[in-house]
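Since the structure comes first, as structure tokens, the remarks are kept for the end.
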Ligand SMILES: Cc1cc2nc3c(=O)[nH]c(=O)nc-3n(C[C@H](O)[C@H](O)[C@H](O)COP(=O)(O)OP(=O)(O)OC[C@H]3O[C@@H](n4cnc5c(N)ncnc54)[C@H](O)[C@@H]3O)c2cc1C
């Protein structure tokens, strides 16, 4: 065997998963097609839950350092620092639980360094193009040789080769809309940005883009000045001269999800498991949370702490999270489509977002903070949800924060009445009350009788 786990893809999700596995004491080997980091400025931020997941691993200071510049860039490009639902920029952030504005290449560098410090090996220039799975191992071909391990995780993006080779279904809906955009230099007059009868023209702060109904086939590669000028004319009815396009991007809003995230010894995580429109910036939140959900479970099974059945909870917990994001991005696409009926609906949604409770509803929908995993034992109150970074008060009055105690990647038990297991760290505090946290920050128990069931389920 070449490793305990082969991870295909050194995007943010593959790197995060490999780091979580290493933290759990198992050997992960990452195989990446590209010769070096991609540098493509796709995502410009990660949501609340992904931010919290990385803070639990001690990466908070780096995220905070990137955030200030990220907020400035976001406000420059969008004309508002407020988050949006379907480009209606009204979402008021929750100061207690915030995401991070960080460009994807910077995030990938941060995760690559983190994984490197934990001893993860990343082999670049190794494209996986064949896969064979048996009862006790998975073998892939990459970089001209065969690699074998007991487990494999496909983190190889939306066009995942692993997903296809391992036979996962990928049902969903085709694209309704397409978008092309970039940093643009025009010569002469530019039409007013806004919604037009056949699409939307976005323009301001050096950026310009067109969103319009999807077409039968989408060209690949960077957006050319001529292509963008034609699209602007199609939508606004006005001809323009585009001299230069840089940092261009193109994307559609097809929404598809793997039918399951595990087939035998093969897992999917990140875009390999789900694709959807980038509206609301949720892809990384979803993918990084897949990684932190799977990492500690797979490590615990490999260490022999828990039965293999624990791995089925990965798909059981994460598939509904993906479904929820597909649902809200489809709703956003419906609200972004051109036409007077949609204009009317947008006005109503925009008015609703002025109501504080509705505003919170939309913000929570995008952040996923209300997500609750289905547990196999009675779970009430906050059990099954991700825990915020609570303030802890020790018996001697010293104050610390919960996440400071979770960098080891182990579970954490606060204030047990008696010792329970040495497989989790334990801490006695006066505030908050008793709590058992899984390594991914999910509350496994919050007082009451289910402690034994919780410990047995998650820690063996
Ligand atoms: C324009 C745009 C804006 C976005 N904005 C946001 C945002 O603001 N917030 C947000 O959360 N998300 C956003 N997203 C989505 C986000 O970029 C993706 O969800 C994210 O990249 C998924 O990470 P990943 O690691 O799963 O996949 P990827 O980033 O696609 O990484 C997959 C890796 O696998 C490698 N690979 C592929 N095939 C093979 C193979 N056969 N063998 C070996 N390696 C392989 C690839 O080279 C790549 O390095 C945006 C996307 C786009 C397009």
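In table form, for the structure just shown:
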| item | result |
| --- | --- |
| Cα convex hull volume per residue for segment 391-459 (Å³) | 81 |
| Within the chain, helix-based [θ] at 222 nm, where runs of 4 or more DSSP H residues each add -39,500 (n - 2.57), nearest 500 | -10500 deg cm²/dmol |
| Footprinting exposure proxy for 405, 276, 205, 114 (fewest neighbouring C-beta atoms within 10 Å first) | 205, 405, 114, 276 |
| Ordering of 267-274, 324-331 by burial proxy (mean other Cβ atoms within 10 Å per residue, highest first) | 267-274, 324-331 |
| Average projected area [Cα convex hull, segment 159-242], square nanometres | 6.9 |
| Cα pair distances exceeding 27 angstrom across segment 102-249, given as percent | 49 |
| Relative contact order of segment 195-317, defined on C-alpha pairs under 8 angstrom at six or more residues apart (%) | 16 |
| Relative contact order [Cα under 8 Å, 6+ residues apart], the chain, whole percent | 18 |
| Between helix 60-78 and the chain: long-axis angle, C-alpha atoms, 0 to 90°, nearest 10 | 20 |
| Rg/Rh ratio calculated on Cα atoms of segment 1-55 (Kirkwood radius) | 1.02 |
| Simple spin-label estimate for residue 350 and residue 423 in nanometres, 7 Å along Cα-Cβ | 5.4 |
| Taking all pairs of distinct alpha-carbon atoms in the chain, Kirkwood radius in angstrom | 23.3 |
| Segment residue 408-residue 205, length gained on full extension (0.36 nm per residue, minus Cα span) | 68.8 nm |
| Calculated FRET value between residue 430 and residue 233, using beta carbons and R₀ = 45 Å, to 0.05 | 0.10 |
| Between 0 and 90°, nearest 10: helix 104-117 axis offset from the chain longest Cα axis | 20 |
| Extension gain (nm, one decimal) between residue 69 and residue 220, 0.36 nm per residue minus Cα-Cα | 51.3 nm |
| Overall Cα dimensions of segment 215-356, principal axis frame, Å, largest first | 66, 41, 26 |
| Added length on full extension, which subtracts the Cα-Cα distance from 0.36 nm per residue, residue 327 to residue 145 | 61.4 nm |
| Segment 50-130: Rg to Rh, with Rh as the Kirkwood radius over Cα pairs | 1.08 |
| Degrees, to the nearest 10: 312-336 long Cα axis against longest axis of the chain | 20 |
| Longest to shortest principal axis, alpha-carbon extents of segment 1-155, angstrom | 51, 28, 25 |
| Principal axes of segment 320-439: Cα extent on each, largest first, Å | 64, 32, 26 |
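Bear in mind that the values in this text are calculations on the coordinates, not laboratory data. In this text the structure is predicted, and so the values were computed from the model without any measurement. Using ideal geometry, Cβ is built from the backbone for each residue, glycine included, and neighbour counts are taken over all protein chains shown.
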